[in-house]
1. If I ask for residues that are assigned to a strand (DSSP E or B), farther than 10 Å from A:Leu92 by Cα and either away from chain B (no Cβ under 12 Å) or open to solvent by 40 Å² or more (accessible area, probe 1.4 Å) (or both), which ones from the stretch A:1-17 would you list?
2. If we scan the stretch B:77-94, do we find a residue that is open to solvent by 80 Å² or more (accessible area, probe 1.4 Å), at pLDDT 95 or above and part of a loop (DSSP other than H, G, I, E, B)?
3. Quick test of your reading of the structure: B:Ile55 fulfils all but one of (1) in a strand (DSSP E or B); (2) of a type outside the set (Gly, Ala, Ser); (3) at pLDDT below 90; (4) within 29 Å of A:Leu108 (Cα to Cα). Name the failing condition by number.
4. At least 1 residues that are under 17 Å from A:Val4 (Cα atoms) and either more than 9 Å from chain B (Cβ to nearest Cβ) or among the charged types (D, E, K, R) (or both) in each: list the strands (runs of 3 or more DSSP E) lying fully within the stretch A:18-100 that qualify.
5. Do you know which of the residues in the stretch B:31-54 that are surrounded by fewer than 16 Cβ atoms within 10 Å (Cβ to Cβ) and at the interface with chain A (Cβ under 9 Å from one of its Cβ atoms) is nearest to B:His77 (Cα to Cα)?
6. From the list A:Lys56, A:Lys60, which residue is touching an Asp or Glu at 6+ places or on another chain (Cβ under 9 Å) and on the phi > 0 side of the Ramachandran plot?
7. Pull out all pairs, ordered by first then second residue, where Cβ-Cβ is under 6 Å, the residues are six or more apart or on different chains, the first lies in the stretch A:101-112 and is facing chain B (nearest Cβ under 9 Å), and the second is part of a loop (DSSP other than H, G, I, E, B) and among the charged types (D, E, K, R).
8. Go through the stretch B:89-113 and count every residue that is at the interface with chain A (Cβ under 7 Å from one of its Cβ atoms) and of a type in the set (A, V, I, L, M, F, W, C).
Amino acid sequence: GNSVTQMEGPVTLSEEAFLTINCTYTATGYPSLFWYVQYPGEGLQLLLKATKADDKGSNKGFEATYRKETTSFHLEKGSVQVSDSAVYFCALYSGGYQKVTFGIGTKLQVIP
Amino acid sequence: DTAVSQTPKYLVTQMGNDKSIKCEQNLGHDTMYWYKQDSKKFLKIMFSYNNKELIINETVPNRFSPKSPDKAHLNLHINSLELGDSAVYFCASSQGRVGSPLHFGNGTRLTVT
């Protein structure tokens, strides 16, 4: 079956530091890959996505590249802000039963 | 003009009671979902409906029963609530195609005492 492995948090960074959150996946076929962000007290929001190999998704300074050869979709940001503090979920969507598989979520805390 | 709205936001109840959570989406999506998020933020899919038809039914106690009166609504009814049911329940919708993102509601925090 499909699975998503995501680094456990929490990750604590100082403002303006470089962020990487690792995500690897196992899936049949050609999944679409997503990063979602959850701010405190809210539902998940789509942050970025990539639908085929070598695609790069980007939004709000965050980027992730769909690497088929390493089955990875690592999230990066060059300079984090306090407002980026949230829980980040890697997810994959592989057709068929329209089921999205989520990673365990990585809590990011950015301190001033 | 909230895209996916669920009510109530908070639900506190005693063991053994029956409760319902309602969800509505105005995005015109064909597929709706219920997810359960535990205290460690782990997300587990419970059910999915496509055009009012149940397409995903994960290993969930049969005390949980979803109902979709039309494709814009998906409600969740829970019978005989237990302490372990305490969690945040999220409704979501999507166009149901590969590559389509999920749109989540803001969640219902259920506390069973």
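The values are calculated or read from the model by the stated rules, or taken from the named source; none is laboratory data. Nothing here was measured: the structure is a model prediction, and the numbers come from that model. All Cβ positions, glycine included, derive from the backbone under ideal geometry; neighbour counts span all protein chains shown. Only protein heavy atoms, including side chains, enter the accessible area calculation; ligands, DNA and RNA are left aside. Shrake-Rupley method; radii C 1.70, N 1.55, O 1.52, S 1.80 Å.
1. Hits for the stretch A:1-17 are A:Thr5, A:Val11, A:Thr12, A:Leu13, A:Ser14.
2. yes
3. Among (1) in a strand (DSSP E or B); (2) of a type outside the set (Gly, Ala, Ser); (3) at pLDDT below 90; (4) within 29 Å of A:Leu108 (Cα to Cα), the lone unmet condition for B:Ile55 is (4).
4. Numbers: elements: A:19-21, A:23-26, A:32-38, A:44-50, A:56-59, A:62-65, A:75-77, A:86-93.
Where strands (runs of 3 or more DSSP E) fall fully within the stretch A:18-100 and carry at least 1 residues being under 17 Å from A:Val4 (Cα atoms) and either more than 9 Å from chain B (Cβ to nearest Cβ) or among the charged types (D, E, K, R) (or both), they are A:19-21, A:23-26, A:32-38, A:44-50, A:62-65, A:75-77, A:86-93.
5. B:Lys44
6. The unique qualifying residue is A:Lys60.
7. Sorted first by the residue in the stretch A:101-112, then by its partner, the pairs are A:Gly105/B:Lys41.
8. We begin by selecting, within the stretch B:89-113, every residue at the interface with chain A (Cβ under 7 Å from one of its Cβ atoms); these are B:90, B:96, B:98-99, B:101-102, B:104-107.
This time we only want the ones that are of a type in the set (A, V, I, L, M, F, W, C), so: B:90, B:98, B:102, B:104.
So the count comes out to 4.
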